[in-house]
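Read through the structure below, which is laid out as structure tokens, and then see the notes.
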Amino acid sequence: SAFALALAQILGRNFSVLYMNLEEYSGFSRLVDSGYEKDLSDLLYLYRQGEFHWMKLKTLVYPWNGIEYIAPARYGEDLELALPEELGELVGRIAREGGYERLVVDLGRCGRGSLALLEVCDVIYMPVRDDRISQAKLEEFEAYITMADDGRVQEKIRQIRLPKEGPSSRRESYGDQLVWGELGDYVRRLLD
């Protein structure tokens, strides 16, 4: 999530960016120290009712550090009940009709049927670790993707090894820490 937020903010310096977090418990509202009335649950409801429109989308977004975001789902159950195909279609429509030049989607963990969501992405950044358990998980994921994918998703995946987050400064906002710290430097090099 720190990577996705840093990526969104750095892209936001040159493009209009929408950030979406699809984790059940993202902690995002605590990080940005912001309350919100509408969130991803409301967007999913509109979409299921056939009432999704870019103008209604604009009523669900909030500004933060040079980007806009849809507040994460208030209830984890809303994401659990959403079919991966439905999420993939919704993200695709937002990308096509939302008026944003870049869409950063933080998937968190990829559950069953995640290919439908991954297929609509142009680039998939996948943080990996070198410890034994992480490598075993990565090998299982790669075996799954080899069997289930026709190659379209595999060619989009960029495995990355993130720098460790340093101690946070109380003087800077969390967003500024991400952009101007070691992680921000890493993201800028990656985008170059």
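The values are calculated or read from the model by the stated rules, or taken from the named source; none is laboratory data. Because the structure is predicted, anything quoted here is derived from the model rather than measured. Cβ sites come from the backbone with ideal geometry, for glycine too, and all protein chains shown count toward neighbours. With ligands, DNA and RNA removed, areas are computed over all heavy atoms of the protein, side chains included. Shrake-Rupley method; radii C 1.70, N 1.55, O 1.52, S 1.80 Å.
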Check your understanding: Looking at ALA4, is it in contact (Cβ under 8 Å) with a residue 40 or more places away in the chain and more than 26 Å from VAL128 (Cβ to Cβ)?
Key -> no
Check your understanding: Does TYR62 satisfy the condition of being assigned to a helix (DSSP H, G or I) and open to solvent by 30 Å² or more (accessible area, probe 1.4 Å)?
Key -> no
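Suppose the filter is over 30 Å from THR146 (Cβ atoms), free of Cβ contacts under 8 Å to residues at least 24 places away in the same chain and in a loop (DSSP other than H, G, I, E, B); does GLY99 pass it? Can you show your working first?
On the way: over 30 Å from THR146 (Cβ atoms): yes; free of Cβ contacts under 8 Å to residues at least 24 places away in the same chain: no; in a loop (DSSP other than H, G, I, E, B): yes.
Here the answer is no, as GLY99 does not meet what is asked.
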Exercise for review: Filter the range 40-52 for residues that are open to solvent by 80 Å² or more (accessible area, probe 1.4 Å) and part of a loop (DSSP other than H, G, I, E, B) and give the result.
Suggested key: GLN49, GLU51
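For the range 1-30, give me each residue that is more than 24 Å from LEU83 (Cα to Cα) and aromatic (Phe, Trp, Tyr). Break it down stepwise before answering.
Of the residues in the range 1-30, the ones more than 24 Å from LEU83 (Cα to Cα) are 2-3, 5-17, 29-30.
PHE3, PHE15 - these are the residues of the range 1-30 that are more than 24 Å from LEU83 (Cα to Cα) and aromatic (Phe, Trp, Tyr).
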Check your understanding: For ILE70, which of the numbered conditions (1) crowded, with 19+ Cβ neighbours inside 10 Å; (2) at positive phi fails to hold?
Key -> (2)
Practice item. Check the range 74-88 and report whether any residue there is aliphatic (A, V, I, L, M), closer than 24 Å to LEU162 by Cβ, open to solvent by less than 60 Å² (accessible area, probe 1.4 Å) and in contact (Cβ under 8 Å) with a residue 60 or more places away in the chain. Key: no
Review point. If you go through the range 138-152 one residue at a time, how many are surrounded by fewer than 14 Cβ atoms within 10 Å (Cβ to Cβ), in a loop (DSSP other than H, G, I, E, B) and either aliphatic (A, V, I, L, M) or in contact (Cβ under 8 Å) with a residue 24 or more places away in the chain (or both)?
Key: 1
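Among the residues of the range 164-174, is any modelled with pLDDT of 85 or more, open to solvent by less than 70 Å² (accessible area, probe 1.4 Å) and not charged (D, E, K, R)? Quick ask: steps written out before the conclusion?
Here is the first cut: in the range 164-174, the ones modelled with pLDDT of 85 or more are none.
Scanning the range 164-174 turns up no residue that is modelled with pLDDT of 85 or more, open to solvent by less than 70 Å² (accessible area, probe 1.4 Å) and not charged (D, E, K, R).
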Review point. Can you name the condition, by its number, that GLY108 falls short on among (1) on the phi < 0 side of the Ramachandran plot; (2) in contact (Cβ under 8 Å) with a residue 24 or more places away in the chain?
Key: (1)
Revision key, fill the gap. Here the residues within the range 153-163 that are surrounded by 11 or more Cβ atoms within 10 Å (Cβ to Cβ) and either touching a residue at least 60 places away in the same chain (Cβ under 8 Å) or part of a loop (DSSP other than H, G, I, E, B) (or both) are VAL153, ILE160, LEU162, PRO163
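Considering only residues of the range 123-137 that are assigned to a loop (DSSP other than H, G, I, E, B) and hydrophobic (A, V, I, L, M, F, W, C), which is most open to solvent (accessible area, probe 1.4 Å)? It would help to see each step written out before you state the result.
At the first step, the residues of the range 123-137 found to be assigned to a loop (DSSP other than H, G, I, E, B) are 123, 128-131.
Add one more test, that the residue is hydrophobic (A, V, I, L, M, F, W, C), and what stays is 123, 128.
On the way: VAL123: 68, VAL128: 17 Å².
Looking at the filtered set, the residue picked out is VAL123.
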Review point. Across the range 7-35, what is the number of residues that are modelled with pLDDT of 90 or more, more than 20 Å from GLN177 (Cα to Cα) and touching a Gly at 6+ places or on another chain (Cβ under 9 Å)?
Key: 1
